[in-house]
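Colleague: Please read through the structure below; I'll follow up with questions.
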Amino acid sequence: MPTPTVIAEKTIDDFSIGQEFSFSVTITKSDVERFAQLSGDINPLHMDDGFAEQRGFKGRVVHGLLLSGYLSRLVGVHFPGRHALLHGININFLSPAYVNDTVNIECIVNQISLSTRIIILKVVMKNLKNNNVLLRAKVQVGFTQTNGLR
Amino acid sequence: MTTAHREKVRKKLNDIFCEVFNDDDIVISENMTADDIEEWDSLMHVTLIVAIEGEFGIQLNAAEIGQLENIGAMLALLEKLPEE
């Protein structure tokens, strides 16, 4: 999926408990190589099919933090989008993803705190090839406000 | 209010502190404040409030949050909630 060009503009008032959002992404070899270059994590588990296969995987394993990078997009672009401020993520990686897998990022609004202007999203990332759960995360998101300047 | 209820609330709040600060060794006490936990800054305070609201199934208002200057105040507020 290409880089999105439209950013949602949800405010806290646009959310309700149980509200859902999802999008999917296909992970390319180039994505893994660019992430390795960017992060410096060139562990052969992520770079070398033979090395990964010797250790019981089907091929080079997509970096877990590449997958979690889509949580940044979820929050910063789609849900809530423009006004989001990511506070924290609790994440568990449950099964490996491989090059050319298509993953679906599904989230549901779990909690809304009006007093602190924060929402909690529960996220499940699934591999669409076999419906395996790749990761589960709890994401705490606040909202930015303009300071009135400009 | 029963002692059992007090203990249950204290245990739940202690668990929240351990989870939020990712430290299983935290033992809360009435007089404990942000000065006693190094990572307890304004952002973590907000995270604490959200965790308390979530775990206790409540929505706090600004006045209530303003009174939560130490753990004793938190316990006093939470102990007033109806027993589950």
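Colleague: So which of A:K138, A:K129 ends up being modelled with pLDDT under 95, more than 18 Å from A:D14 (Cα to Cα) and either surrounded by fewer than 21 Cβ atoms within 10 Å (Cβ to Cβ) or not acidic (D, E) (or both)?
Modeller: Of A:K138, A:K129, the one residue that is modelled with pLDDT under 95, more than 18 Å from A:D14 (Cα to Cα) and either surrounded by fewer than 21 Cβ atoms within 10 Å (Cβ to Cβ) or not acidic (D, E) (or both) is A:K129.
Colleague: Among helices (runs of 4 or more DSSP H) lying entirely in chain B, which contain 1 or more residues that are farther than 25 Å from A:K138 by Cα and of a type outside the set (G, A, S)?
Modeller: Result: B:3-20, B:62-66, B:71-79.
Colleague: With the condition kept exactly as written, say whether any residue in the stretch A:58-73 is assigned to a helix (DSSP H, G or I) and of a type in the set (V, I, T).
Modeller: Within the stretch A:58-73, none of the residues are assigned to a helix (DSSP H, G or I) and of a type in the set (V, I, T).
Colleague: Residue under question is A:F21, and the condition is that it be surrounded by 11 or more Cβ atoms within 10 Å (Cβ to Cβ), touching a residue at least 60 places away in the same chain (Cβ under 8 Å) and within 19 Å of the chain's Cα centre (by Cα); does it hold?
Modeller: yes
Colleague: Of all the residues that make up the stretch A:102-129, how many are touching a residue at least 40 places away in the same chain (Cβ under 8 Å) and touching a Lys or Arg at 6+ places or on another chain (Cβ under 6 Å)?
Modeller: Residues flagged as touching a residue at least 40 places away in the same chain (Cβ under 8 Å) and touching a Lys or Arg at 6+ places or on another chain (Cβ under 6 Å) within the stretch A:102-129 amount to 3.
Colleague: Okay, next question. Hey, among A:S113, A:S39, which residue is within 14 Å of chain B (Cβ to nearest Cβ) and surrounded by 13 or more Cβ atoms within 10 Å (Cβ to Cβ)?
Modeller: A:S113
Listed here are the residues, each with its yes/no results for (1) surrounded by fewer than 18 Cβ atoms within 10 Å (Cβ to Cβ); (2) over 12 Å from the mean Cα position of the chain (by Cα); (3) more than 10 Å from chain A (Cβ to nearest Cβ); (4) under 17 Å from A:I118 (Cβ atoms).
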| site | (1), (2), (3), (4) |
| --- | --- |
| B:A34 | yes, no, yes, no |
| B:L43 | yes, yes, no, yes |
| B:V46 | no, no, no, yes |
| B:Q59 | yes, yes, no, yes |
| B:L68 | no, no, yes, yes |
| B:A76 | yes, no, yes, no |
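Colleague: Shifting gears a bit: Could you tell me whether any residue of the stretch A:55-78 is within 14 Å of chain B (Cβ to nearest Cβ), at pLDDT 95 or above and within 13 Å of the chain's Cα centre (by Cα)?
Modeller: The answer is no; no qualifying residue exists.
Residue-by-condition table, conditions (1) loosely packed, with under 12 Cβ neighbours inside 10 Å; (2) touching a Ser or Thr at 6+ places or on another chain (Cβ under 9 Å):
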position	(1), (2)
A:I27	no, yes
A:S30	yes, no
A:E33	no, no
A:M47	no, no
A:Q54	yes, no
A:L67	no, no
A:Y70	no, no
A:V75	no, no
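The values are calculated or read from the model by the stated rules, or taken from the named source; none is laboratory data. Everything quoted here is computed from the prediction, not taken from an experiment. Glycine also receives a Cβ, built like all others from the backbone with ideal geometry; neighbour counts cover every protein chain displayed.
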